[in-house]
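Below is one structure; the comments refer to it alone.
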Amino acid sequence: MINVMQPTLGEEELRALEKTFASNWLGHGKRTAEFEALYAKHLGSTPDRVLSTNCCSEGLFSSMHLCGIEPGDEVILPTVSFIGAGNAVCAHGAKMVLCDVDRRTLNARACDIEKVITKKSKAILLLHYGGIPCEMDEIMKLADKYKLKVIEDCAAGVCSTYKGQALGTIGDMGMWSFDAMKILVCGDGAMLHFKDPEIREKAEKWLYFGLETKSGYENSVAQKWWEFDISCFGHRAIMNDITATIAIEQFKKLPMYMEKRKAVHDYYNENLKDVSWLDLPLPIAKDCTTSYYFYHIQVKNGKRDELAAYLRQNDVYTTYRYFPLHRVPGYGIRGGGNLFANADYAADNTLCIPIHQSLTQKDLESIVGKIKEFGKKYC
Ligand SMILES: *Cc1c(COP(=O)(O)O)cnc(C)c1O
């Protein structure tokens, strides 16, 4: 089976882990700090704005508290969002207000967001679909006008930029995931970015019990170093030196990963462009970059599910991301009428086909061959 997503790990990660084992320190330590510093530089930001955590979902949940959302406040999110975003808003007691998306990019546009803004709106929790930037100038203008916080779910946008600026550093808070199915992977881990260093300080405490001092060592000047105080009822959500060690090695490979993913993307563009029953991803704006996390095609003749089944029978695994939140029964959203027409179209016709660093030329030929074969037989 050709996987739709797949991590790339090698000897470098193993060798680096040996050193970390030998250091006899597996917890949150030097390696974690090193990774945070590397990542801050990668973002064109500074370490006082960057903080690691154990997963991007924790970032989503914590964003509500850190951005000052109160129970009852309205938070706007595109209905095509990661399930953790919806849960974060609802678990906080805020009101989840969904908006539609662009039917081709699956990103929310300023016009989609503006339609659902009310006096109670406090924040926009944006998703950059597959690491492709949303129209941030327009969205930030809207946020300014209505005094809304902007939280960017950049989970898959590890190398994405918008007009020269790293995606995730434009809004008040941004986050990237390093879970097993992302591009830079370390098992589980994530990075957070805060526009305001004060919020980053608040976050550091929030993600470690609200402790005022962190460890016995750091507290060694105190006579009784086991005593402490807390400033809030915080979580415990940190990266450790094992996952950070893997992440540092993965980080070094990002340029190579981007090159490979772009080659896959370009191959599909070139070899699927004449398939009349398919829409391919739209070209990305000239002044933006993507991380090539998804290659999403749209089947124009209503046969998306048949295509997915056909490919699966032929050892090509595909999927659709992200199932729209207005269709998740557990959220109890009824109707919606025409409000989500584009998201409904996208959810019924979009298919994410394999894209990762380990795809071979033979894999690519086989995937394209099977798609065309399906067309000849059924379209
Ligand atoms: C994977 C993902 C997350 C969650 O990341 P974890 O690190 O697995 O918690 C959040 N948002 C999006 C868009 C994702 O793809």
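The values are calculated or read from the model by the stated rules, or taken from the named source; none is laboratory data. None of the values given here were measured: they were computed from a predicted structure. FYI the Cβ positions are ideal-geometry reconstructions off the backbone, even for glycines, and counts take in every protein chain you see. SASA here: full protein model, heavy atoms, side chains in, ligands and nucleic acids out. Shrake-Rupley method; radii C 1.70, N 1.55, O 1.52, S 1.80 Å.
Data overview
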read-out: Sole residue being open to solvent by 30 Å² or more (accessible area, probe 1.4 Å) and touching a strand residue (DSSP E or B) at 6+ places or on another chain (Cβ under 8 Å), chosen from SER366, SER358; value: SER366
read-out: Hits in the stretch 115-136 - residues which are assigned to a strand (DSSP E or B) and closer than 30 Å to HIS356 by Cβ; value: LEU125, LEU126, LEU127
read-out: The lone exception for ASP179 - which of (1) within 14 Å of the ligand (Cβ to nearest atom); (2) closer than 22 Å to ILE284 by Cβ; (3) open to solvent by 20 Å² or more (accessible area, probe 1.4 Å) it fails; value: (2)
read-out: Residue among MET140, MET96 that is part of a strand (DSSP E or B) and either more than 11 Å from the ligand (Cβ to nearest atom) or more than 18 Å from ALA347 (Cα to Cα) (or both); value: MET96
read-out: Any chance HIS28 is within 15 Å of PHE251 (Cβ to Cβ) and more than 16 Å from the ligand (Cβ to nearest atom); value: no
read-out: Top-ranked residue in the stretch 264-284 [being within 27 Å of MET191 (Cα to Cα) and aliphatic (A, V, I, L, M); ranked as modelled with the highest pLDDT]; value: VAL264
read-out: Selection status of GLY164, in contact (Cβ under 8 Å) with a residue 40 or more places away in the chain, of a type outside the set (A, V, I, L, M) and surrounded by fewer than 19 Cβ atoms within 10 Å (Cβ to Cβ); value: yes
read-out: Residues being farther than 30 Å from SER62 by Cα, open to solvent by less than 70 Å² (accessible area, probe 1.4 Å) and not in a helix (DSSP H, G or I) - total across the stretch 229-280; value: 5
read-out: Number of the exception - ALA309 against (1) within 30 Å of SER52 (Cα to Cα); (2) surrounded by fewer than 21 Cβ atoms within 10 Å (Cβ to Cβ); value: (1)
